[in-house]
Amino acid sequence: MIITPATLTDVPRLLRFRVDAAAWLAHLGTDQWSSPFPAESIAASVRAGEVFLIKESEEAETVATVTLNHSTDAELWDLWTPEERAESALYVHKLTVDRRYGGRDLGGQILDWAADRAARQGARWLRLDAWTTNSKLHQYYLRHGFQHVRTTTDPDEVSGWLAQRPTRPTQHGFDDHTASWASSGR
């Protein structure tokens, strides 16, 4: 499989990932991602070079996606302490795998790629926030080397389960076509 940067022509597929994932999650009994995600927000992340696609080949349909950047969403930024925000970290967002590829741990492979990318950029941590009430997702991240940092007590914060894992070079198994992103220092 390959990993490539997304382009603006990929935004409809990225939006479909979100809708499909919300339907699957609803079937599992969680309301995670039940609110539509603004297309312009995804387009802004694509323009910033933060969105990546996983495919069988250059010409194949996208089977997974992840957003990786140097900060968490603005509304979640204050969930991390000033000391934590001062540490070098990359943040994982919107990791989504097409259900046809479920059960293969493609998400774990993507997390390894992200940790490798973060290490190569000199970041100490790979961080994420997860839906506060999705305990199965929390367990998934813990199995993939993340350490639970804390869960917010704010009842209005739906994505307040915070976790991080140390970065390190990793054999992730992707044919990485994102060299320009890495060399740009984003």
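Just so you know, all these numbers are worked out from the coordinates, no wet-lab data involved. These numbers were taken from a predicted model, which means no experiment stands behind them. Neighbour counts run over all protein chains shown; Cβ positions are idealised from the backbone, glycine included.
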Notebook entry, point to check: Bin by bin, in steps of 10 Å, what percent of the Cα pairs in the chain do you find, going until the bin that has the longest distance?
Noted result: 9, 38, 41, 12, 0
Notebook entry, point to check: What residues qualify as long-range amide H neighbours of LEU95, i.e. H under 5 Å apart, gap of 5 or more or another chain, H built at 1.01 Å from N?
Noted result: THR67
Note to self: Using Cβ counts within 10 Å as a stand-in for footprinting exposure, how do LYS136, LYS55 rank, fewest first?
What the structure shows: LYS136, LYS55
Next item on the list: Run the quick spin-label model on ARG168 and SER135: label points 7 Å from Cα toward the beta carbon, then report their separation in nm to one decimal.
Entry: 3.0 nm
Next item on the list: Report, by chain and number, residues whose modeled amide H sits under 5 Å from the one on VAL149, excluding near sequence neighbours (fewer than 5 apart, same chain).
Entry: LEU162, ALA163, GLN164
Notebook entry, point to check: Which longest run of the chain has no exposed loop site in it, a site being GluC sites (Glu not before Pro) in a DSSP loop with at most 10 other beta carbons within 10 Å, and the site itself not part of the run?
Noted result: 60-186
Next item on the list: Report, in order of residue number, the helices in the chain meeting two criteria: a C-alpha extent of 15 Å or more along the helix axis, and a mean Kyte-Doolittle hydropathy of at least -1.0; treat each whole DSSP H run as one helix.
Entry: 11-27, 106-120
Item checked: SER71 long-range amide H proximity, modeled H, under 5 Å -> TYR91
Next item on the list: Please give the net charge around LEU15, taking every other residue with its beta carbon less than 13 angstrom from that of LEU15, where Lys and Arg add +1 and Asp and Glu add -1.
Entry: +1
